[in-house]
1. I want to confirm something. Restricting to region 21-38 and keeping residues that are in contact (Cβ under 8 Å) with a residue 24 or more places away in the chain and not β-branched (Val, Ile, Thr), which single residue is farthest from LYS57 (Cα to Cα)?
2. Among the strands (runs of 3 or more DSSP E) confined wholly to region 1-62, which include 2 or more residues that are under 13 Å from the mean Cα position of the chain (by Cα), modelled with pLDDT of 95 or more and of a type in the set (Val, Ile, Thr)?
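The values are calculated or read from the model by the stated rules, or taken from the named source; none is laboratory data. These numbers were taken from a predicted model, which means no experiment stands behind them. Cβ placement follows ideal geometry from the backbone for every residue including glycine, while neighbour counts extend to all protein chains displayed.
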Amino acid sequence: MEQLKHLAELRPTPRLIEDEKPPLATKVWIITIYGVGYAGTYDKTDKTQFAWCPLPKLTPEQKVIQKERLNERRTD
């Protein structure tokens, strides 16, 4: 199965699809007209998709802590 690209940023900000189209074939956070959000790809035929934003991204400091926690779990 082919891995999808993803788009991430430190402070994801929702964008209305009518103002800025999401990239195609790229995993982003989709928000529907019902207020439900999910990680997925933009489908221009799905009229319930209302807004989108890049996925959240960890800061370099958070990544260091994440690695430390993973190492702790491996030694337990």
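1. Filtering first and then ranking leaves PRO22.
2. 26-32
Yes/no per residue for (1) of a type in the set (Gly, Ala, Ser); (2) touching a strand residue (DSSP E or B) at 6+ places or on another chain (Cβ under 9 Å):
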| position | (1), (2) |
| --- | --- |
| ARG15 | no, yes |
| GLY37 | yes, yes |
| GLY40 | yes, yes |
| LYS47 | no, no |
